[in-house]
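A short reminder: the numbers here are calculations on the coordinates, not readings from a lab. Note that the structure is a prediction, hence the values are computed from the model and not measured. With ideal geometry, Cβ positions are generated from the backbone for all residues, glycine too; neighbour counts draw on all protein chains shown.
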Amino acid sequence: MQKIIYSNKQQFLETLENMKNEGLKNLHFLADFDNTLTKAFVNWQKTPSLVSAIRLKNWMLWEECALEDTKLFEKYHPIEIDPNVSIEDKKKYMTRWWEKSFELFIKYWLSKDILEEVWKTDLIEFRDWVKEFFEFTAKNNIPVIVISASWLWVESIEVLLKNHNLDYQNIEIISNNYIWDEQGKAIWYKEPIIHSFNKAETILKEFSEIFAKIKNRKNVILLWDSLWDHHMVDWFDYKNLINIWFLNDKIDKLLEEYTKRYDLVITWDWDFAVVNEILKEIKS
């Protein structure tokens, strides 16, 4: 099966040509983290999210927390993926789910010491050629806005990037965050809460300094994996847009739906080579 599928190759090439004519100075990226910048499978095993990595590394400590969190997942995830629930209702339920999960982790004494396990984990790997992607965008001053609804806060992603020598100045991270006491224990969470249905709004309304860096860069490339994140730039007055989506699992079942919505679909947990080729083409 093909690893790289274009929904409309001619339309894609036309948009790419438009971006090329305007140059890298008018470009920015919005990217998801889990299963987009990182691999969905490592050693033929599905990789965990950041929060799942903690559970795997600290199962005895987190067993009760994990059981309670699983109950929340079983309650709210069906709502998250139910096409018959309106977006507005989904937002309300997702906010409730994220709040309850934050409170759960605080209840079970989430600490920075525990997060060290995530920062050192070998369960999470960046995709091949992601390093080259970050190097290119840093060298050419192209903003890369990483947006994650993870419960495990901005610094977890920052440290993972740093540990791989990828902590470049052009990268901005928008994610959830905790308030810590002097002993490094989580005592509450910061607002706004970023969940699976308010990522785009959060950029526009709550992170003005980051938005200032991209507001005049009207050409956007989206890098994502979730079928539900196709509204990421509905709020933004963009000129040219390329949607690049990673379909890592259930390919036979979901490919048709992905190709209906996105310009370029990368399957089978493939690498970042085509993304880098697009960048080189825009620069040429």
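So if R0 is 35 Å, what FRET efficiency would VAL274 and LYS112 give, r being the distance between their Cβ atoms, rounded to the nearest 0.05?
0.40
Per residue, how much space in cubic angstrom lies within the convex hull of the C-alpha atoms of the chain?
It is 134 Å³ per residue.
With the dipole of the chain worked out from charges on the C-beta (+1 for Lys and Arg, -1 for Asp and Glu) around the Cα centre, which of TRP245, TYR108, ASN26 lies farthest toward the positive end?
Farthest along the dipole direction, towards plus: ASN26.
Using 0.36 nm per residue of separation minus the Cα-Cα distance, give me the extension gain between ARG96 and GLU281 in nm, one decimal.
Full-extension gain reported as 62.2 nm.
Can you give me the distance in nm between label points at LYS215 and GLU191, each placed 7 Å from the Cα along the Cα-to-Cβ direction?
2.4 nm
Quickly estimate the mean residue ellipticity at 222 nm for the chain, helices only: each DSSP H run with n ≥ 4 gives -39500 (n - 2.57), and the total goes over all residues, rounded to 500.
-14500 deg cm²/dmol
Considering Cα pairs under 8 angstrom that are at least six residues apart, work out the relative contact order of the range 129-202 and quote it in whole percent.
31 percent
So for the chain, taking the charge dipole from beta-carbon charges (+1 Lys/Arg, -1 Asp/Glu), which of ILE4, ASN141, TRP151 sits furthest toward the positive end?
With unit charges placed on the Cβ atoms, the residue in question is ASN141.
What three numbers, in Å, describe the spread of the alpha carbons of the range 162-264 along their principal axes, ordered from the longest?
51, 36, 30
Where a Cα-Cα gap under 24 Å defines reach, which lysines qualify for LYS92, not counting those fewer than 8 residues away within the same chain?
The qualifying lysines are LYS71, LYS75, LYS100, LYS107, LYS190, LYS199, LYS205.
Using θ = phi - 60° and the Karplus curve 6.51 cos²θ - 1.76 cosθ + 1.60, what whole-Hz ³J(HN,Hα) does each residue of the range 190-197 get, with Gly and Pro shown as x?
Result, rounded to whole Hz: 8, 10, x, 6, 9, 10, 5, 10.
What distance in nm separates the two pseudo spin-label positions at ILE4 and GLU80, each 7 Å out from Cα along the beta-carbon direction?
3.1 nm
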